[in-house]
């Protein structure tokens, strides 16, 4: 999970087929009597690529810092480590705000200004901030198999929702840009602090049957741990690229009826079919 491009015409064509699908009389008969679930999906690095865009912007920031501070012996690794430290500290205090990631660039710049004693013109700090905000303009793209997976789950009668962290405006904009809105409609839940308390409130306020609800996500910290704490099923799908914040220590978990670890999003329908 991380904090908000068009997916292209191929995605639009697939989605057009998906939203017009009707199982017909035979399909409805086959589906009758089978269990259906409420399935909450994470967004960032579960359904769409996200971390790689943040990593690209961090790399560009580190390059700027080398131009400004290279003569003081600063390395890119030092810049990245300090940016991560300040970013995580801010998230722990403020949650997932739109300003947090850009501010971590400005805070990193300020830190090395103080450390080196180098004169630091305001224009450079403004560049760092602007670069941080530019990540929200990235052309976010879907993970492979997402549309087919959501299409199948929807066709099988499951209710699909999103539970994501960040700013509602940014997260909903991502959903619109990759054309996933018809799958989730008004069931998009965005939490500034994505934790068990936020998930519990969503489950309670929206009347979810916890025995029939699953959370699907890539983050041990913000998807899997909260789901298990709230008494719903959890499906962990490792991301293609990791972010330190998403990692946390969990008790040793063995696959069970309430916890599954899968290789990809495309494995979800068959995994849940075993419980129907």
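The values are calculated or read from the model by the stated rules, or taken from the named source; none is laboratory data. Remember, it's a predicted structure, so these values are computed and weren't measured experimentally. Here the Cβ is made from the backbone with ideal geometry for all residues, glycine too, and neighbour counts use every protein chain on show.
Side notes on the structure shown:
- Considering 79, 57, the condition of being more than 20 Å from residue 137 (Cα to Cα) and either outside the structural domain of residue 214 (by TED's automatic domain parsing) or touching a strand residue (DSSP E or B) at 6+ places or on another chain (Cβ under 6 Å) (or both) is satisfied by 79 alone.
- Looking only at the range 221-237, and only at residues there that are part of a loop (DSSP other than H, G, I, E, B) and surrounded by 14 or more Cβ atoms within 10 Å (Cβ to Cβ), the one that is modelled with the lowest pLDDT: 237
- Pairs meeting the criteria (first residue in the range 212-239 and over 16 Å from residue 47 (Cα atoms), second residue modelled with pLDDT of 95 or more and assigned to a loop (DSSP other than H, G, I, E, B), beta carbons under 6 Å, at least 6 apart or on different chains) are 212/37; 213/232.
- Boolean, residue 135 is assigned to a helix (DSSP H, G or I), closer than 30 Å to residue 177 by Cα and in contact with a helix residue (DSSP H, G or I) (Cβ under 8 Å, 6 or more places away or on another chain): yes
- Scanning the range 143-159 for residues that are touching a strand residue (DSSP E or B) at 6+ places or on another chain (Cβ under 7 Å) and either modelled with pLDDT of 95 or more or part of a helix (DSSP H, G or I) (or both) yields 150, 153, 154, 158, 159.
- Any hit, the range 207-216, residues being closer than 17 Å to residue 37 by Cα, surrounded by 14 or more Cβ atoms within 10 Å (Cβ to Cβ), at pLDDT 90 or above and within 15 Å of the chain's Cα centre (by Cα): yes
- Considering (1) assigned by TED's automatic domain parsing to the domain that holds residue 264; (2) assigned to a helix (DSSP H, G or I), the lone condition that residue 64 does not fulfil carries the number (1).
- For the range 82-100, filtered to residues that are under 16 Å from residue 190 (Cβ atoms) and part of a helix (DSSP H, G or I), the residue that is modelled with the highest pLDDT is 100.
- Verdict on residue 190 being assigned to a helix (DSSP H, G or I), in contact with a helix residue (DSSP H, G or I) (Cβ under 7 Å, 6 or more places away or on another chain) and surrounded by 16 or more Cβ atoms within 10 Å (Cβ to Cβ): no
- Tallying residues that are within 14 Å of residue 104 (Cβ to Cβ) and out of contact with any helix residue (DSSP H, G or I) (no Cβ under 9 Å at 6 or more places or on another chain) within the range 42-60 yields 1.
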